[in-house]
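FYI, it's all coordinate maths here, none of it is from the lab. Since the structure is predicted, the reported quantities are computational estimates derived from the model, not experimental observations. Please note: Cβ atoms are built from the backbone with ideal geometry, for glycine as well, and neighbour counts cover all protein chains shown.
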Amino acid sequence: MGLSSLRAAAWALRRASGPWTPRLGPRLLCLPPMAGNGEALAPAGARQEQGTKACSGWRGAARTWEETAQQAKKLKSSEDGEPPRKLPKRKIVLLVAYSGKGYHGMQRNAGSSQFKTIEDDLVSALVRSGCIPENHGEDMRKMSFQRCARTDKGVSAAGQVVSLKVWLVDDILDKINSHLPSQIRILGLKRVTGGFNSKNKCDARTYFYMLPTFAFAHKDHDVQDETYRLSADTLRHVNRLLACYKGTHNFHNFTSQKGPREPSARRYILDMFCEEPFVREGMEFAVIKVKGQSFMTHQIRKMVGLVVAIVKGYAPESELERSWGEAKVDVPKAPGLGLVLERVHFEKYNQRFGRDGLHEPLDWAREEAEAAAFKEQHIYPTIISTERHERSMAQWLSTLPVHNFSATTLAAAGPDTKVPSPLEGSEGDGDSD
């Protein structure tokens with residue numbers, strides 16, 4: 001039935017119910033018929049029965065009118081392409097995978113359209129799929145949007161998690177993905193508690209860094225090109241150095257504008273190791289995995305960069321210990337190309353809510369196969385092809401012979417650069433790597 005047909009039916013019911021009677025407050029005003037024009041006044045009992053019937057008629061007509069009007073409003077909203085007004089918003093999390101090439105990071109830059117980010121395309125897809133109203137896309141705070149980690153320019157993710165409030169429309173994942181480019185996919189959705197915040201509830205984050213193994217070739221006695229193959233001895237050396245990062249250390253030299261005495265510079269690393277190498281398109285690669293509670297801007301890239309410099313023979317192993325002290329150390333920063341956010345962890349949330357019968361644990365076991373397929377289709381090929389054509393790792397390695405590890409920020413940046421004092425530094429502990 002169309003909107004015009006519903007309105008016509010409502011007016012027909014109103015005319016059939018007799019003359020209009022005003023409604024006073026929550027009750028209908030029912031008046032008995034008046035005597036006149038020679039008509040005899042009916043007995044009191046008959047008048048009461050007649051009034052009761054009239055009152056019932058008015059109530060029934062009014063109730064029918066209200067129901068018909070509500071149906072007309074619902075029909076109009078559906079004809080306009082909007083969800084019904086009473087469809088409630090629910091707090092959910094989305095498991096997001098993306099290849100960061102061509103994007104200026106994850107986080108949306110409000111009011112700036114010059115640099116496209118992952119969240120720009122994601123929010124647009126949420127609006128176009130009918131999950132959020134358009135004004136929520138303009139002001140993301142209205143949908144309580146939060147991401148687990150702010151990934152930097154060019155950095156990819158296989159397991160980013162964002163929390164937000166949406167209308168749970170039918171086939172929601174298919175609808176959102178239909179409005180996203182192929183290099184961004186929503187792999188999963190789960191309902192969470194109303195106060196859930198993906199950044200604050202995240203216990204730890206796991207990243208991996210994929211690099212060609214010639215980055216570990218010693219500067220004096222190994223070939224420095226893609227014909228190099230990582231030996232078992234060198235892999236053990238790499239893992240011994242990476243294991244030194246485990247535990248709590250002062251990482252003020254592994255980021256920018258952090259003083260050595262700032263409490264937020266101390267970070268806890270749960271694990272860090274290099275996996276067995278593999279060959280793709282004639283070039284050997286290896287993957288370094290690191291799990292930590294949280295990371296500062298550029299921290300992981302500098303952790304990798306320092307180990308590479310030591311293995312290649314450009315810095316002594318003692319440089320690791322010195323970098324955690326109060327002295328200023330200019331730690332080399334590896335390229336951003338190979339860095340990928342692989343997984344985020346919610347152990348405490350899962351212990352409290354994961355088995356309460358109302359919420360699912362946030363472990364994403366069912367989505368692992370799809371996440372692995374996305375890495376094979378979009379992330380690994382992008383890293384390999386970009387390294388082959390742009391040679392970002394090879395170009396960065398060429399700077400290590402002249403890198404001065406003892407250079408201060410002032411010397412590295414220039415004489416006119418203002419250096420923050422040891423007690424100054426940037427605030428906020430969000431991930432940017």
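What number comes out for the charge environment of Ile132, summing +1 per Lys or Arg and -1 per Asp or Glu over other residues with Cβ under 9 Å away?
+2
If we sort 238-246, 377-385 on the protection proxy, mean other Cβ atoms within 10 Å, highest first, what's the order?
Those peptides, ordered most packed to least, come out 377-385, 238-246.
Could you please report the charge total around Ala372, scoring K, R as +1 and D, E as -1 over all other residues with beta-carbon less than 14 angstrom from its beta-carbon?
Taking every other residue near Ala372 into account, the sum is -1.
Among residues other than Met283 whose Cβ falls under 10 Å from its Cβ, what is the net charge (Lys/Arg +1, Asp/Glu -1)?
Charge balance near Met283 sits at -3.
Between the range 189-248 and the range 110-184, what's the alpha-carbon centroid distance in Å?
The two parts, judged by their Cα centres, are 28 Å apart.
Percent relative contact order of the range 150-278, based on C-alpha pairs within less than 8 angstrom and at least six residues apart?
15
How much length is gained on full extension from Arg240 to Ala394, taking 0.36 nm per residue of separation minus their Cα-Cα distance?
My answer for the length gained is 53.0 nm.
Sequence-distant or interchain residues sharing an amide H contact under 5 Å with Ser129, placed H: which?
none
Please work out, to two decimal places, the log10 of the ratio I(q)/I(0) at q = 0.16, 0.20 Å⁻¹ from a Debye calculation in which every Cα of the range 78-226 carries one identical scatterer.
These q points yield log10 I(q)/I(0) values of -0.88, -1.30.
Quick one: 3J(HN,Hα) in Hz for the range 199-213, Karplus 6.51/-1.76/1.60 with θ = phi - 60°, rounded, Gly and Pro as x.
Couplings: 6, 6, 8, 7, 7, 7, 10, 10, 10, 10, 10, 9, 9, x, 5 Hz.
Which pairs, out of Lys219/Lys246; Lys175/Lys375; Lys91/Lys375; Lys91/Lys153; Lys201/Lys291; Lys199/Lys291, put more than 20 Å between their alpha-carbon atoms?
Lys219/Lys246; Lys175/Lys375; Lys91/Lys375; Lys91/Lys153
Please report the equivalent ellipsoid semi-axes of the range 355-395, computed as sqrt(5 x eigenvalue) of the Cα gyration tensor, largest first, in whole Å.
Square roots of five times the eigenvalues give 37, 11, 5 Å.
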